[in-house]
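Below you'll find the structure, written out as structure tokens, and then a few comments.
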Amino acid sequence: MTSCDRSNLALLSAAAAFFCAPSVFAQNPSLPFKPGLWEVQVSLNKATPTTTRACYPAGTTLDLYLTVTNRGIGGTVCTVTNKKQLGRGISFDNACTSGTLASQGHIDFQLPDDQNLTGATHIVVTGTAQDKPVNRTLDKDFTAKFVNADCGTVKPLDITPAKPK
């Protein structure tokens, strides 16, 4: 993969995250995460999963997690359809636009218990970015599991409410 391909992939990954706007998440179930250190594996378009660690403070819930991980994405307009809350999870379709990019996708999150999270997204992004045409499908699968109550040196997720602009 060339440097340019990696740059485009990073841009498209950011665009995919961008199209899960915070207004969508206000409707999500308030399912709690166990506070502490979690190991997260993410695979984009069936590539080898990357593993990171995250620290979730006390009070982190699925809806709060989805809201704060999508902060700072202004100017996005999304429409949510086919929203279904099933037990300890949620799935929905969304269509979003902002500037020169648009997306349509399906998102599925499951929190079977307070120590495990799984999910998948299928998003098609179209438009232009950096004056280049974009027409990509992004399939992301992820799992996360609780590791330890002590986060060690991993900085906790900031779950404070966003400041009004």
For this session: Starting from residues that are of a type in the set (Gly, Ala, Ser) and under 17 Å from the mean Cα position of the chain (by Cα), keep the ones in segment 83-97 and report whichever is surrounded by the most Cβ atoms within 10 Å (Cβ to Cβ).
Result: GLY89
For this session: Considering only segment 129-139, state which residues are at pLDDT below 95 and either within 12 Å of the chain's Cα centre (by Cα) or closer than 19 Å to THR51 by Cα (or both).
Result: LEU138
Exercise. Which ones in segment 45-64 are touching a residue at least 60 places away in the same chain (Cβ under 8 Å) and open to solvent by less than 40 Å² (accessible area, probe 1.4 Å)?
Worked result: ALA54, CYS55, TYR56, PRO57, THR60
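The values are calculated or read from the model by the stated rules, or taken from the named source; none is laboratory data. Computed from a predicted structure; not experimentally measured. Cβ coordinates were reconstructed from backbone atoms using ideal geometry, including for glycine residues, and neighbour counts include every protein chain displayed. These area figures cover heavy atoms from the full protein model, side chains too; ligands, DNA and RNA do not enter into them. Shrake-Rupley method; radii C 1.70, N 1.55, O 1.52, S 1.80 Å.
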